[in-house]
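Since the structure comes first, as structure tokens, the remarks are kept for the end.
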Amino acid sequence: MVQRIEAGSSVALRDGRSVVIRALDEHDRNALDAFGNTLPRNDILYLEDDFSNSEIISRLVNASYAENWRQIVATNDQGEIVAYAAALQLPGWSEHVADIRLIVSPAWRRSGLGRHLAQAIVEAARDLGVSKVIVDMLAAQTAGQAIFSRLGFAVEGQLARHAIDRDGNLHDIVIMSAFVRV
Ligand SMILES: CC(C)(COP(=O)(O)OP(=O)(O)OC[C@H]1O[C@@H](n2cnc3c(N)ncnc32)[C@H](O)[C@@H]1OP(=O)(O)O)[C@@H](O)C(=O)NCCC(=O)NCCS
């Protein structure tokens, strides 16, 4: 049985606020739903996981103990979810690779939380036993690219008009990766 992030760790942010970073659990359905409601329409259009869709929220919460998936959240003093990250181990010949997702609620951005959570989810991916982590995002999402390149990720490729948003517009995506020690 692999080790899991059970206990929350408190993190002080640059703006004086603090959050607890912990594993998502089966009681988080309403909190994750509420988190989805804090995301701007643009984020909802572009994110791979549609946080405005209650079926997707259920799928994520139901997977909170899946062996091939690590999901972590940051919560504020009221216990509200203010950021979410996931590492999903890929199947088959890419079983040594995990795919990372990261999203911070707008009111909590630019305080270092994205960077903290990115570090935590890379650790969680290592805990899955993978040796490579990848993250993909729209080419226009430069903040995410800044975070992951600071963590040592390199751009591995760009796919033209590979993502379609919920308004039907096509976007280029950037794939970044890093090799991690198991
Ligand atoms: C990307 C995202 C997670 C960043 O969260 P955050 O909490 O604001 O990130 P941080 O405060 O840790 O910022 C880290 C660095 O990213 C860069 N950055 C963050 N926001 C930025 C912005 N709006 N414009 C330019 N650079 C930005 C900066 O280099 C920043 O470091 P600095 O504040 O020391 O200059 C957040 O903007 C988000 O959820 N975006 C939508 C989803 C997404 O794009 N996810 C990433 C790929 S999965």
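Couple of notes before you dig in:
- In this structure the amide hydrogen of ALA139, modeled in the peptide plane, comes within under 5 Å of the amide hydrogens of ASP172, ILE173, VAL174, none closer than 5 places in sequence on its chain.
- Only the Cβ atoms of Lys and Arg (+1) and of Asp and Glu (-1) were treated as charged; on that basis the dipole of the chain about its Cα centre amounts to roughly 600 debye.
- Against the empirical curve 2.2 N^0.38 Å, the C-alpha radius of gyration of the stretch 9-179 lands at a ratio of 0.98.
- Highest mean packing first, where packing is the average number of other Cβ atoms within 10 Å per residue, the peptides 155-161, 112-118 line up as 112-118, 155-161.
- For the stretch 139-145, 3J(HN,Hα) computed residue by residue from phi via the Karplus equation (6.51, -1.76, 1.60; θ = phi - 60°) reads 4, 6, 8, 6, 4, x, 5 Hz, glycine and proline entered as x.
We did not get these values from a lab; they are worked out from the coordinates using the rules stated. All values derive from a computational prediction rather than experimental measurement. We place every Cβ from the backbone using ideal geometry, glycine too, and count neighbours over all the protein chains shown.
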